[in-house]
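To keep things clear, I will list the structure first and then write my remarks on it.
Here, each number is a calculation from the coordinates, and none is a lab measurement. All of these numbers come straight from a predicted model, not from anything done at the bench. Glycine also receives a Cβ, built like all others from the backbone with ideal geometry; neighbour counts cover every protein chain displayed.
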Amino acid sequence: MRHRVAGRHLGRDTAHRTALYRNLVTDLLRYERITTTEAKAKEIRPMAERIITLARRGDVHSRRQAQRFVYDPSVVKRAFDEIGPRMKERPGGYLRITGLEPRKGDGARMATIELVDFVEAPPTPRPQRVTAAPAAAATAPVVEAAPRTARKTKAAAAVAEEEATAEVESESTAEVVSDTAADEALEADADAPTEGEEDGKEPA
């Protein structure tokens with residue numbers, strides 16, 4: 001049982017967990033900003049602040065204590081030569097933890113830990129949510145309306161053409177009927193007897 005035992009195990013044994021913390025602190029002092037899980041960021045914060053406090057002192061004993069924990073000697077030199085003098089007037093609170101959106105793979109809570117005076121790079125970018133553009137939805141009906149309008153125009157043209165054809169046919173039929181009536185009237189006039197023929201007399 002681990003009653004009254006503080007700290008996170010992170011699913012690792014002691015040696016693995018310590019090596020993980022030392023790697024994270026080394027990278028944090030090297031780059032002044034790293035992105036990791038929120039649990040790891042909270043665990044390494046006091047360790048990194050202790051190294052910065054030793055860098056503020058700047059004596060030989062503090063440098064040797066820092067070299068016991070940080071892997072890279074060049075990072076220790078940078079901390080004592082650059083970070084320590086920058087934090088000389090700050091009594092504590094050298095780091096800032098900013099929460100990020102959960103990781104897509106397993107949903108772990110992510111965070112960025114950085115120095116409070118880290119201004120060489122732009123702020124930590126947050127993931128952009130993908131949303132549908134309103135202009136695309138507005139233009140979609142317009143694109144679909146064009147074929148419908150074309151179909152309506154074609155249908156109207158077909159109806160007008162049929163009406164014109166029907167009018168031409170009706171006109172031609174009326175002309176044929178009138179011509180037939182005129183021919184019949186001429187034939188009737190030709191067959192009708194004259195006045196002399198009606199009396200039985202031949203014309204002189």
Between Ala19 and Asp59, take the C-beta separation as r, use R0 = 30 Å, and let me know the FRET efficiency to the nearest 0.05.
-> 0.65
Just subtract the alpha-carbon distance of Met47 and Arg103 from 0.36 nm times their residue separation and send over the number in nm, one decimal.
-> 17.7 nm
Set the Förster radius R0 to 45 Å, insert the Cβ-Cβ distance between Val130 and Lys88 as r into 1/(1 + (r/R0)^6), and round the FRET efficiency to 0.05.
-> 0.50
Quick calc, Val116 & Met1: beta-carbon distance into FRET formula, R0 35 Å, rounding 0.05, result 0.35
Report the full-extension gain for the segment Tyr71 to Glu163: residue separation times 0.36 nm, less the Cα-Cα distance, to one decimal in nm.
-> 23.8 nm
Order by neighbour count: Phe118, Phe80, fewest other Cβ atoms within 10 Å first, most last.
-> Phe118, Phe80
